[in-house]
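Take a look at the structure below.
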Amino acid sequence: MRGRPAGGILAGYVPGSSWLHRAPLWGKFLGVVAAGAASCFLLDWKASGAVLLVLVAAWGSARLGWRRLAGSGRLMLPLCAVLGAFQWWQLGPATAARIVLNLLVCFVAAGLLTATVPLRELLDAVARLAHPLRRWGADPERFALALAIMLRSIPVLAASFDEVGDAARARGLERSVRARALPVVLSAVAYGRRTGEALAARGLADGD
Amino acid sequence: MSRIELDGVTVAVSLEDRPDKVVLDGVSATLTERRVGIIGANGSGKSTLLRLLNGLVEPTAGTVSIGGMDTVRDGRAVRRQVGFVFTDPLSQLVMPTGREDVELSLRRSHRSRSERAAAAQSVLDRFGLGTLADQSVYELSGGERQLMALAAVLAVDPEVLVLDEPSTLLDLRNRDLLRRTVSGLDQQVIFSTHDLELALDAERVLVVDGGRIAFDGSPAAGVAYYRELCGLPARPRA
Amino acid sequence: MSQKTAPHGQGISRPRRTWDAQSLALVAVFAALIAVSAIVPGIPVGSFGVPITLQTLAVVLTALVLGGTRAAAAVGLYLIVAFAGLPIFSGGRAGLQILAGGSAGYVVSFLVGAYVLGVLAELVIRRFAAARRVLWFFIASLLVSVVIIHGFGVLGMMINLKLSWNAAFVADLAYYPGDILKDLVAAVAASAVHRAFPDVLVRRVKRA
């Protein structure tokens with residue numbers, strides 16, 4: 001398996017030092033949860049629209065880039081259009097607007113969190129969350145280890161997908177799901193076993 | 001040097017629907033030399049022999065001990081004393097960067113984070129890897145990766161170092177770098193190889209064939225024996 | 001050289017407090033496999049050349065190869081990292097936003113589905129000889145796909161997009177042909193993996 005640098009893999013985070021970047025992580029997390037809840041409680045499309053405007057303003061004030069917002073919005077656009085049209089036909093324009101706007105509220109709120117916290121920090125926070133669970137058998141250190149192995153396996157497996165794809169094409173099998181999937185899985189298992197063996201050899205999985 | 005003892009070691013792998021496959025068959029040896037090379041064909045059992053040395057493979061019959069410690073009973077202590085470097089450093093380096101990987105090795109031996117960082121830095125500097133430590137391990141060359149894996153294993157100061165075909169994936173220049181690095185180590189080194197030049201660096205050579213030790217003696221005689229075993233003239237033509 | 005197995009003979013049985021290194025590494029590598037399969041381009045299938053994405057295939061395979069607990073852990077690890085912002089949801093999406101959209105139900109179903117299918121896979125291995133496993137793997141994954149993955153998927157669309165049961169069901173139908181094919185490939189591939197690496201799951205289950 002040949003390696004290659006994993007490009008754009010940290011695409012979520014936008015570096016910066018705005019008030020939103022400096023805001024505590026738990027605060028931002030609560031914000032996302034609140035936005036999720038809002039989609040159930042906001043029953044007027046005008047209220048939903050106002051919340052969405054506030055969130056978009058927050059995005060602007062944190063200098064996260066309008067192009068990024070538009071870019072991720074483009075992913076949502078077809079869904080919103082189809083959904084809006086369908087619900088308009090079923091339930092009328094006001095309800096359709098409310099449903100679509102609430103969807104966008106959740107989307108932008110979650111985007112605000114992932115754009116202002118670096119991935120490492122988020123994952124560290126998740127590992128810290130596991131600490132109180134220790135007494136029920138959770139092991140933050142092993143979790144961190146599994147996380148590290150997963151992140152560094154992604155480029156290895158992506159390369160193996162490429163290689164297998166090339167090999168299948170060379171044999172004229174590019175449309176065979178089996179010829180494309182099986183070698184990847186076999187090499188993934190072999191790679192996992194080699195990694196496990198290396199962990200065991202270094203005594204890293206021995207526990208305390 | 002630690003006294004490495006294999007006493008009547010048999011390793012059999014049980015296969016579904018088929019009779020067990022005997023990988024090593026009653027192997028006994030006592031290794032006390034500073035550099036021991038193990039050569040043999042693919043599937044001869046030499047990898048299994050190496051994996052016995054730090055408890056990765058447990059003997060089906062017989063015992064293996066390192067400095068008096070049994071590899072099964074005292075597995076954890078043995079693994080702390082015997083460092084193992086695999087052929088492919090990419091399956092060995094588990095963290096995204098070399099520095100994190102070295103620090104991972106040190107996680108048990110140092111109390112504080114700053115102590116660990118300092119110890120990691122000194123190991124990396126010793127191998128001339130200081131400037132590469134924060135790069136993704138993917139961006140390193142094969143030789144640099146192999147050195148990084150070596151550094152991560154040596155960070156905890158094992159007494160014995162086991163290298164499984166360390167030069168197989170390296171080009172000529174990197175292979176030379178590896179040879180020089182290994183020859184400068186204080187540790188007892190046991191390595192397997194197909195690289196007969198590397199084998200000549202050892203003080204003692206074992207040739208493994210069909211799960212048994214077929215030859216045990218000086219490197220030059222061992223290499224000649226192995227060449228004949230493969231149907232080649234004992235000495236390469238100049 | 002590939003003697004990868006530590007033989008378990010002569011009553012050597014050490015108490016295992018937690019997962020061994022092997023399992024830890026496999027869980028992490030399969031989490032990475034699910035991630036990679038979500039972001040590589042789909043495979044064009046048959047004469048229509050409709051691309052099918054590989055993500056559900058990867059989830060089903062993970063369950064069939066690793067068994068219940070470890071498969072659920074692998075999917076859980078994947079979800080945590082994706083929620084935290086690594087763009088590894090299908091189409092290169094990331095973050096908690098996914099829970100707002102139409103695919104939320106499918107995402108959640110992966111966790112439940114992987115666990116249930118993994119448990120079923122252990123059962124199949126205990127009950128049937130290698131030759132008949134492909135068939136039973138296929139039946140089990142079909143069952144889990146239809147009941148759990150599509151069930152949660154429809155539910156997700158009803159909750160998030162406020163669709164009626166009928167509308168959601170019709171929207172979901174489009175995925176059926178691809179999924180049946182994927183289940184078949186997964187069953188064949190998984191039984192090949194178990195033949196190539198008999199102690200990944202088979203020996204664990206049989207010893208238990």
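Since every read-out is calculated from the coordinates, none of them should be taken as a lab result. Quick caveat, the model's predicted, so the values are computed rather than measured. Cβ atoms come from the backbone with ideal geometry, glycine included; neighbour counts cover every protein chain shown.
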(request) Identify, among B:G43, B:G222, B:T181, the residue whose Cα sits farthest towards the positive end of the charge dipole of chain B, taking +1 on the Cβ of Lys and Arg and -1 on the Cβ of Asp and Glu, with the dipole about the Cα centre. (result) B:T181
(request) Please report A:C106, B:C230 as a ranked list, fewest other C-beta atoms within 10 angstrom at the top and most at the bottom. (result) B:C230, A:C106
(message) Over the Cα atoms of region B:9-111, what radius of gyration and what Dmax do you get, in Å?
(response) 16.0, 50
(request) Would you kindly calculate the translational diffusion coefficient of region B:129-238, applying Stokes-Einstein with the Kirkwood radius from alpha carbon pairs, for 37 °C and a viscosity of 0.692 mPa s, and quote it in µm² s⁻¹ without decimals? (result) 211
(request) Can you check how the C-alpha radius of gyration of region C:94-149 compares to 2.2 N^0.38 Å, as a plain ratio? (result) 1.41
(request) Could you please rank A:M150, C:M158, B:M1, placing first whichever residue has the fewest other Cβ atoms within 10 Å of its Cβ? (result) B:M1, C:M158, A:M150
(request) Could you line up A:D44, B:D164, B:D101 from fewest to most neighbouring Cβ atoms inside 10 Å? (result) A:D44, B:D164, B:D101
(request) Obtain the radius of gyration and the Kirkwood radius of region C:21-207 from its C-alpha atoms and give Rg over Rh. (result) 0.97
(message) Per residue, how big is the convex hull of region C:137-208 when only Cα atoms are used? Give it in Å³.
(response) 102
(request) Please provide three numbers in whole Å: the alpha-carbon extents of region A:19-117 along the principal axes, with the largest listed first. (result) 44, 27, 16
(message) Bins of 10 Å, beginning at zero and ending with the bin holding the largest distance: percent of Cα pairs per bin for region A:128-201, please.
(response) 17, 34, 26, 15, 7, 1
(message) Above 33 Å lies some portion of the pair distances; for the protein assembly as shown, what is it as a whole percent of all C-alpha pairs?
(response) 52
(request) Please work out the Cα convex hull volume for chain B and give it in Å³ per residue. (result) 139
(request) Before anything else, pin down the relative contact order of region C:68-146: Cα pairs under 8 Å, at least 6 apart, normalised by residue count, whole percent. (result) 34
(message) Given the DSSP H assignment, sum -39500 (n - 2.57) over each helix run of at least 4 residues in chain B and divide by its residue total; what's the result at 222 nm in deg cm²/dmol, nearest 500?
(response) -9500 deg cm²/dmol
